[in-house]
Amino acid sequence: MVLGLLYLKSAYSLSDEQLLERWVENPYWQWFCGYETMQYQAPIDPTTLSRWRSRLGSEKLEILLKQTLEVASRRKFLNPGDLEQVNVDTTVQPKAIAFPTDTRLYYKMIRILGRLAKKSGLEVRQSYVRKSKQLLIMQNRYAHARQYKRSKMCEKKLKTIMGRLTRDITRKLDFCGSEVLREQMVQLLEQSVRLGNQTRKSARKLYSIHEPHVECIAKGKAHKRYEFGCKVSVAVTNKSNWVVGIKALHGNPYDGHTLAGAVSQLTAITEVEPKRIMVDRGYRGHDYLGSALVHVAGSIPKTATRAFRKMLKRRSVIEPTIGHLKSDHRMERNYLKGKTGDKVNALMSAIGYNFMKLMRALFFVFFWLFKSLDCCLKVALCNLLTGRNHTAPLIASA
């Protein structure tokens, strides 16, 4: 049942609450999840799905991706030869965080530190709740009015307050009664020190309090110069555009250094080692040492055949596939927590993409079979399905 819910969630790009609301109303979804009679209540609580995702992990979700490819192979929608030619590229999976500014991060750290200190029973000298909020508002107003010196002064005061509160809590940390809250406090204080020490040229910056592993990735886009999240490697078949591998990568690695891991993953999922791999120019200097031939875009030999040139031109078909993963299957803004959430969300996007592609393929098979039938057979089939007589309207129209 849970696996069926995960398939439906990834295919139709729904939240956990929306998924279960529609599940109660849709008997076809209930049948897909294993029920034979109509259900009028949700089978589980929406929060249970988050626990199931944590329990399954990215390794078990790769089995769901493998199942979609096996069904496509059995139905002849995916030829075995298509798995030997794949396109590989990377993209950014943005995290669901606010745009990071120093002032906002200082204010959020002050608020979380004060809240956790109150929960732990620590008596700080001053909470700075009203003062910090007032400084945040004034900093935004001064910046909007282009009074940058005053704006910078408010930002500096917020940073001073954050450091003062951090040192005060550090001195009184031994009086914290709960061991769990103490560990949370220690982690938060480390982030506070890291936030206070970072500068414009720091290598390892903190961009979010609740997601400290988020990285800033520059893509060179005019409309979006920077994206905050993690890098994702995507592998699709060259001819039929089935997603055969997807992997979230942390640490903002160089594209060429991700190729070996991407090929090993798609080989484990499809059980077929590719013979030709098409990549863009960002993969020059890759570290892949396998038997497959890696073709970098822009390097077409003069003796290339027409079929080979056509195959290389189809390298760019991975770009609209990535666009569908983002816009239609929840990879544009990842709401799942932590590094595990990044890996799970990327795999769920690929599972939903393949699942919807499989459903469209099955629909078009039925559509072309119905179209190829004779007119009398169509009328008989419509009468059988609907229980009505469609012969009279056809005669009248003729």
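The values are calculated or read from the model by the stated rules, or taken from the named source; none is laboratory data. Keep in mind it's a predicted model, so treat the numbers as computed, not measured. In this analysis, Cβ positions are derived from the backbone assuming ideal geometry, glycine residues included, and neighbour counts consider all displayed protein chains.
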Checklist entry - Do you know which residues across the stretch 67-89 are touching a Gly at 6+ places or on another chain (Cβ under 9 Å) and not β-branched (Val, Ile, Thr)? => result Asp89
Checklist entry - What number of residues within the stretch 170-224 are more than 23 Å from the chain's Cα centre (by Cα), within 23 Å of Tyr254 (Cα to Cα) and among the hydrophobic types (A, V, I, L, M, F, W, C)? => result 1
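Taking the options Ala304, Ala350, name whichever one is among the small types (Gly, Ala, Ser), modelled with pLDDT under 95 and either surrounded by 13 or more Cβ atoms within 10 Å (Cβ to Cβ) or in the same structural domain as Leu83 (by TED's automatic domain parsing) (or both).
Ala304
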Item to check | Met311 vs. criteria more than 20 Å from the chain's Cα centre (by Cα), surrounded by 19 or more Cβ atoms within 10 Å (Cβ to Cβ) and among the aliphatic types (A, V, I, L, M) | outcome: no
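Taking the condition of being part of a helix (DSSP H, G or I), among the hydrophobic types (A, V, I, L, M, F, W, C) and closer than 17 Å to Leu189 by Cα, how many residues in the stretch 117-141 meet it?
Looking only at that region, the number is 1.
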Checklist entry - Has the stretch 354-366 got any residue that is assigned to a strand (DSSP E or B) and either touching a Pro at 6+ places or on another chain (Cβ under 6 Å) or modelled with pLDDT under 95 (or both)? => result no
Next on the checklist: Which condition from (1) surrounded by 19 or more Cβ atoms within 10 Å (Cβ to Cβ); (2) not in a helix (DSSP H, G or I) is the one that Met109 breaks?
Outcome noted: (2)
Checklist entry - Looking at the stretch 80-102, is at least one residue under 21 Å from Ala268 (Cβ atoms) and exposed (fewer than 15 other Cβ atoms within 10 Å of the Cβ)? => result yes
Next on the checklist: Filter the stretch 91-130 down to the residues that are touching a Lys or Arg at 6+ places or on another chain (Cβ under 6 Å) and farther than 30 Å from Thr258 by Cα and list them by number.
Outcome noted: Tyr106, Leu122
Checklist entry - Hey, does the stretch 82-90 have a residue that's in a helix (DSSP H, G or I) and more than 30 Å from Tyr283 (Cβ to Cβ)? => result no
Checklist outcome for this item: Only one of (1) in a helix (DSSP H, G or I); (2) outside the structural domain of Ile322 (by TED's automatic domain parsing) does not apply to Glu62, and that is (2)
Checklist outcome for this item: Among strands (runs of 3 or more DSSP E) entirely inside the stretch 227-338, those with 3 or more residues being farther than 23 Å from Ile351 by Cα are 293-296
Item to check | Residue check for Lys339: surrounded by fewer than 18 Cβ atoms within 10 Å (Cβ to Cβ), over 21 Å from Met356 (Cβ atoms) and free of Cβ contacts under 8 Å to residues at least 40 places away in the same chain | outcome: no
Checklist outcome for this item: Within the stretch 84-123, residues of a type in the set (Ser, Thr, Tyr) and either free of Cβ contacts under 8 Å to residues at least 12 places away in the same chain or more than 30 Å from Phe308 (Cβ to Cβ) (or both) come out as Thr101, Thr103, Tyr106, Tyr107, Ser120
Checklist outcome for this item: Note: among Thr160, Thr199, just one is under 23 Å from Val129 (Cα atoms) and not hydrophobic (A, V, I, L, M, F, W, C), namely Thr160
Next on the checklist: I'm trying to understand the selection: among the residues of the stretch 14-32, which are in contact (Cβ under 8 Å) with a residue 12 or more places away in the chain and either crowded, with 17+ Cβ neighbours inside 10 Å or farther than 22 Å from Ser349 by Cβ (or both)?
Outcome noted: Asp16, Leu19, Leu20, Trp23, Val24, Trp29
